[in-house]
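Visitor: Take this structure first; my questions come after.
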Amino acid sequence: MTDDAFVAHRSLLFTVAYEMLGSAADAEDVVQETWLRWAAVDRSQVREARPYLVRAVTRQALNRLRTVSRRREDYVGEWLPEPLLTSPDVADDVELAESVSIAMLTVLETLGPTERAVFVLREVFDTPYDEIADAVGKSPATVRQIARRARGHVTARRPRAEVDRAEQEQVVRRFMDAVVTGDLQGLMDVLAPDVVAVADGGGLVRGASRRPVVGADRLASALVRGVGSRASVTAAPAWINGGPGVLVEVDGTLVVAVGLTVSDGRITRLFGIANPEKLARLDAEAHLAR
C-alpha cells in the first residue's frame, strides 16, 4: 500500500482521462500534468484527495479534448480509439468493460467535450453532480440537464452485446482460424449478415478501407483478399478494451489490433486498428479502475 493519494488513484485517473480522450498517449500526458499540479499543491488544503484529483484530471482532459477534437476533423479515414490490452478482470466488470469498449468510445466521439466529460463522470464513475459541476465549470442544474441529454444520445447509439466469455472465446477462435487460412465460408459462418467493420489506418496503411464495410459477404471477401496477399500471417486472441479481440502479425510484426462485438454466436461489429502510431501500447496490460 502507499500513502500517496496520487499513486493510489493513478489507475482511476488514467481511466477517466482515457475514456474522455480515447487515446492512451494523451491520457498519460494528462495524468502527468495532473501529477505536476498535485506535487505543487498544499495538501493541508485538500479535504478529500480522490474528488480533488478526479476534478483536476477532468479539467486537464477537457483542455486536451478541445484541442484533439479539431485535429480529428482532419484525420484521414475513420478514427478509432487507441486500443488497450486489458486483463480478463476488466471483462469481468461488465460496466467498466462496456465503458472502455471500442464500440462505446466511438459513440462517445459523437458527444461534445463537456457532454462527454459529464457522461463519463456520472454514468461510469457515479460522480456526484456537484463535483461534476465543479470539474466542468457549470452549475449542478445545468450538469443534470447535460447528463440527461448525453445519456439519451448514447443509449440510442450504443451497441448491446450480452454474451458469456466462453461464447466470446469460441467465436474468436473460429474467426482467427478462418482469417489465417483464408476460409471464405468459415468467415461467412462466423460473421453476422449485417456485420459492420470499421478500419483505422490513419492514412498510413495501404489497403485499409477509409469507409465502413457492411455485410458478411463483402467483409469476408475483403479479409480473404487481404490475407492472401501476405506472406506469413499469424493471429492470437487477446482482451482488447475489455472485450474479445485478435492481434494480427505479419512476419512477426504486429499490423492490426481487432476488436470484436459478439452477439448470438456471431460477430456483429469489427474494429480494426492498423495505424502504427496507435499500436505501441499493446505489449503490456493497461491498469484500469473505477
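Visitor: Considering region 138-157 alone, what residues qualify as being open to solvent by 50 Å² or more (accessible area, probe 1.4 Å) and in contact (Cβ under 8 Å) with a residue 12 or more places away in the chain?
Guide: 138, 144, 149, 151, 157
Visitor: When only residues in region 94-117 that are farther than 23 Å from residue 261 by Cβ and touching a Ser or Thr at 6+ places or on another chain (Cβ under 9 Å) count, which is least open to solvent (accessible area, probe 1.4 Å)?
Guide: That would be 117.
Visitor: Quick check on this structure: which one of 194, 183 is open to solvent by 30 Å² or more (accessible area, probe 1.4 Å) and modelled with pLDDT under 95?
Guide: 183
Visitor: Taking residue 137, is it at positive phi and small (Gly, Ala, Ser)?
Guide: Spelling it out, residue 137 is indeed at positive phi and small (Gly, Ala, Ser).
Visitor: Which residues, taken from region 1-34, are more than 24 Å from residue 83 (Cα to Cα) and aromatic (Phe, Trp, Tyr)?
Guide: 6
Visitor: Is region 13-24 home to any residue that is of a type in the set (S, T, N, Q), touching a Leu at 6+ places or on another chain (Cβ under 6 Å), surrounded by 15 or more Cβ atoms within 10 Å (Cβ to Cβ) and under 30 Å from residue 210 (Cα atoms)?
Guide: yes
Visitor: How do the strands (runs of 3 or more DSSP E) wholly within region 171-289 filter down when requiring 3 or more residues that are hydroxyl-bearing (Ser, Thr, Tyr): which remain?
Guide: 253-263
Visitor: If you don't mind, there's one more thing I want to ask. Could you say which residue among 93, 164, 130 is touching a residue at least 24 places away in the same chain (Cβ under 8 Å) and of a type in the set (Asp, Glu)?
Guide: One residue alone meets the criteria, 93.
Visitor: Could you list, in sequence order, all residues of region 7-23 that are in contact with a helix residue (DSSP H, G or I) (Cβ under 6 Å, 6 or more places away or on another chain) and in a helix (DSSP H, G or I)?
Guide: Residues satisfying the conditions are 13, 14, 16, 17, 18, 19, 20, 21.
Visitor: Turning to a different aspect of this structure: Would you mind finding the one in 47, 43 that is open to solvent by 30 Å² or more (accessible area, probe 1.4 Å) and under 21 Å from residue 125 (Cβ atoms)?
Guide: Sole residue among the options that is open to solvent by 30 Å² or more (accessible area, probe 1.4 Å) and under 21 Å from residue 125 (Cβ atoms): 47.
Visitor: Anything in region 167-178 that is open to solvent by less than 80 Å² (accessible area, probe 1.4 Å) and over 11 Å from residue 262 (Cβ atoms)? List them, or say none.
Guide: Within region 167-178, 176, 178 meet the criteria.
Visitor: If you check residue 62 against the conditions, is it out of contact with any Ser or Thr (no Cβ under 6 Å at 6 or more places or on another chain) and crowded, with 21+ Cβ neighbours inside 10 Å?
Guide: The answer is no for residue 62.
Visitor: Under 7 Å by Cβ, and 6 or more places apart or on different chains, what pairs join a residue from region 27-45 that is closer than 15 Å to residue 59 by Cβ with one that is open to solvent by 70 Å² or more (accessible area, probe 1.4 Å)?
Guide: Qualifying pairs under 7 Å: 31/10.
Visitor: So which residues in region 253-290 are closer than 21 Å to residue 182 by Cβ and either in contact with a His (Cβ under 8 Å, 6 or more places away or on another chain) or touching a residue at least 12 places away in the same chain (Cβ under 8 Å) (or both), if there are any at all?
Guide: Across region 253-290, the qualifying residues are 254, 255, 256, 257, 258, 260, 266, 267, 270, 272, 274.
The values are calculated or read from the model by the stated rules, or taken from the named source; none is laboratory data. The structure displayed is predicted, hence computed values, not measured ones. Glycine gets a Cβ as well: all are built from the backbone with ideal geometry, and neighbour counts include every protein chain shown. Ligands, DNA and RNA are excluded from the accessible area calculation, which covers all protein heavy atoms including side chains. Shrake-Rupley method; radii C 1.70, N 1.55, O 1.52, S 1.80 Å.
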